[in-house]
Structure formats: structure tokens, C-alpha cells
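The values are calculated or read from the model by the stated rules, or taken from the named source; none is laboratory data. Keep in mind that this is a model prediction, so the values were computed, not measured. As a convention, Cβ positions derive from the backbone with ideal geometry for all residues, glycine included, and neighbour counts pool all protein chains shown. Note: areas computed on protein heavy atoms with side chains; ligands, DNA, RNA excluded. Shrake-Rupley method; radii C 1.70, N 1.55, O 1.52, S 1.80 Å.
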Amino acid sequence: MLTSSPLAVVFDVGAIIRLALMITTQLSLIRRLQNPDDREAWQVFVEIYFPAIFHSLRVKGLQHADAEDVAQQVLWSVSRSLSKQPYDPNRAKFRTWLETLIRNAAINALSRVPRDRGLGGDGSWDELPARSDSDEQLLLDEYRKQLFRVAAQQVSAEFGDDTWQAFWRTAVLQQSVDSVANDLGKQTGSIYAARSRVIKRIRQEIEAMLDD
């Protein structure tokens, strides 16, 4: 059903990012993560955040295999930290806290700190430039994109091929509505309507993933 895999597309999604992805990690999900036995919450978190953490580590200079390994360590550190101390949104944004874990993990890896020392150890800060707001923004952008990827994959089978193409080609691939309508033999109004239906369904799927 997918005309192009959501996991492979280069995102230049404009309106779809603004409309469907204006969601940050909901506090309800974070609170559920404090229970290590809540497998559903952890499945949602890992599915959405592992690619974002991995990409952030790659940008910071880690090789592919090392980034995968360190991303697993970051997830383990999140689990350990939340099980010991509840997250307090009044102290820091969740993504600020997570970016700190990612950054410290990258420093340790680049400084060749033995992995059994865990995260956030005594690694040298010389390996990376000073943390900036762009680090958090990168993580947030990747998180939002992954929300879209997962949600789009989940709902794609619910739509006919023409409807999905109308959405995918105009919202994701940024092709003009007129050209897609001409290719599919549809009126432009039906292309707009099809895109709107898919976007609405993706929004619902994203909200469901982050809901209690």
C-alpha cells in the first residue's frame, strides 16, 4: 500500500509536520514508563524514540554499530532512572533530560570509556562542542518524524491506493495537487479531501499511541 516506505523517505513534509506532529511526549506516557512492567508504554516509547536517539548519536560522530549499542544503553538508563525517581516536569523538559543522557553517552563512547561504567560518567567534554538548543531541536524533530512514520505505517492499510497516493504524494513528496489529480484521473477537490482524511487518521493514531 505504501508508495514509498515511511522509514526511508527524506522528510520535507511541510504541512503534515505542522498539522500532525505538533505533539511532544505526553506526561501520561512518561508516567507509565516509571513502571518497568508496562510493556505497552515501553513498546511505544522505544518504537518512537530509538530511531531519534540513534540519529542524534550518529550526528554526534558515532559509527552505525556503536550508535545502535549506545542507543540501547540510553534506553536502559531512561528505564533505570525513571524506576528510581519519578520524572518532575517542573525541573526540566523531558527532551532536555534525554538529550543530556544522549550527550553523555556519546562523550563516553567517543572517549572510549568502558561500557560497563554506564552513562553520564567522567568522559571528556572535549570530544563534542558545547550543547546548544539545536541538540534538543534535533531530537524533537527526529521524534516528531518518527511519530509520523509509525502512525503512517499503522494506518496505511485502511485506505485505498488512490487515497493513499493522494496523501503521500502531495503531503510527503510535495508534488502539486494538480499533477497528482491528473495522474490519478481525479478532481483536485477529491485529492484535497483524501489528504485531509489521511492526515486526520494519522493525528488520531499519534494521539492513541501517547494516550493512557
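Computed values, structure above
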| read-out | value |
| --- | --- |
| Looking only at region 78-106, and only at residues there that are under 19 Å from Trp42 (Cβ atoms) and not in a helix (DSSP H, G or I), the one that is modelled with the highest pLDDT | Gln85 |
| Scope region 58-70; condition open to solvent by less than 40 Å² (accessible area, probe 1.4 Å) and either within 23 Å of Ser83 (Cβ to Cβ) or touching a strand residue (DSSP E or B) at 6+ places or on another chain (Cβ under 7 Å) (or both); matching residues | Val70 |
| Tabulated pairs, region 32-48, first of a type in the set (Phe, Trp, Tyr), second open to solvent by less than 30 Å² (accessible area, probe 1.4 Å), C-beta under 9 angstrom, 6+ apart or interchain | Trp42/Leu33; Trp42/Leu75; Phe45/Thr25; Phe45/Leu29; Phe45/Ile30; Phe45/Leu33; Phe45/Leu75; Phe45/Val78 |
| Residue tally, condition touching a residue at least 40 places away in the same chain (Cβ under 8 Å) and either among the hydroxyl-bearing types (Ser, Thr, Tyr) or touching a Leu at 6+ places or on another chain (Cβ under 7 Å) (or both), over region 63-77 | 3 |
| Flag if Gln43 is within 16 Å of the chain's Cα centre (by Cα), at pLDDT 75 or above, closer than 25 Å to Ile202 by Cβ and open to solvent by 80 Å² or more (accessible area, probe 1.4 Å) | yes |
| Residue list for region 71-96, restricted to those being open to solvent by 70 Å² or more (accessible area, probe 1.4 Å) and under 18 Å from the mean Cα position of the chain (by Cα) | Gln72, Trp76, Lys93 |
